[in-house]
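These notes concern the structure reproduced below.
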Amino acid sequence: MSVEKLLSALRLEAEIKERSILEEAAVKAEEVAVAAREKSAAIQREIDLKRQLMESRRDALRLARERMARREAMLEAQDAAAQAVKKEARGLFQEFMGSPAYGQYVARELETVRAEAGELEEVRADAVTAEIIRSLGGPEKIAVDENVACGFVASTGGGRRKWLCLLETRLEKLWRARGNEFVNRLTESAGWRLST
């Protein structure tokens, strides 16, 4: 074999090898590019999913804040209405205390307490009620107490047992018993929905 043929054969072999290496590199590059595109697409899908989840949570949080604001406004209105009802009740009770029927009312209340407690040791009351209890032959110790309004507090056992016959306790009992009914009527008349 001549040198030229040998060089030609070597060149041919080098070209074949070069093409083979380039083809193999192109295949590998395409595989890497495909894998990178797939990974990029997967990452983008994950980003999109997380973005949707974040937006969904943001919307849920906004809706929850709006519901809380509506509930807070409703509770404030309910509280204002309850305070107005109590104020009106106190005013009406003050008027009632000036009537002859109030003496009969106090007599019934005092009898109810005596039936449960027996002999009373002390009664603390507002001035009007204390005077009525004195006229009814109440216990020896009857004190006018400026902290007691619209009724009386009777006690036995050295003050260990007490009976509160006050407008405020009656209102609280009534509110516990029928407050929900009042709130429901109030919310219906105002057009509120409790579930929102």
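Taken together, the values in this text are just the output of simple stated rules run on the coordinates, not laboratory data. Since the model is a prediction, treat every value here as computed from it, not as a measurement. Note that each Cβ is placed from the backbone with ideal geometry, even for glycine, and that neighbours are counted across all protein chains shown.
log₁₀ I(q)/I(0) of the range 1-43 at q = 0.31 Å⁻¹, via Debye over equal Cα point scatterers, no solvent, to two decimals?
The calculated log intensity ratios at q = 0.31 Å⁻¹ are -0.92.
Can you pull the Rg over Rh of the chain, Cα-only, Kirkwood?
Numbers: Rg = 44.5 Å, Rh = 25.1 Å.
Across the chain, the Cα-based Rg/Rh ratio is 1.77.
Just from its helices, what would the mean residue ellipticity at 222 nm be for the chain, if runs of 4 or more DSSP H residues each count -39500 (n - 2.57) and the sum is divided by every residue, rounded to the nearest 500 deg cm²/dmol? Intermediate results must be reported in sequence, preceding the final value.
Numbers: 4 runs with 146 residues, N = 196.
Only helices count here, giving -27500 deg cm²/dmol.
For the range 49-154, just say rounded, prolate or oblate: build the C-alpha gyration tensor, square-root its eigenvalues into a ≥ b ≥ c, call rounded for a/c under 1.5, and beyond that prolate if a/b exceeds b/c, oblate if not.
Note, shape of the range 49-154 comes out prolate.
Roughly how many nanometres apart are two label points built 7 Å out from the Cα toward the Cβ at Arg57 and Ala35?
Simple spin-label model gives 3.3 nm for this pair.
How many nm is it between the label spots at Asn147 and Val27, if each spot is 7 Å from the Cα in line with the beta carbon?
Those two pseudo-labels are separated by 9.8 nm.
What nm distance separates the two modelled labels at Arg65 and Glu181, each placed 7 Å from Cα along Cα→Cβ?
4.0 nm
Among the lysines in the chain, how many pairs, 8 or more places apart or on different chains, have alpha carbons under 22 Å apart?
For the chain, qualifying lysine pairs total 8.
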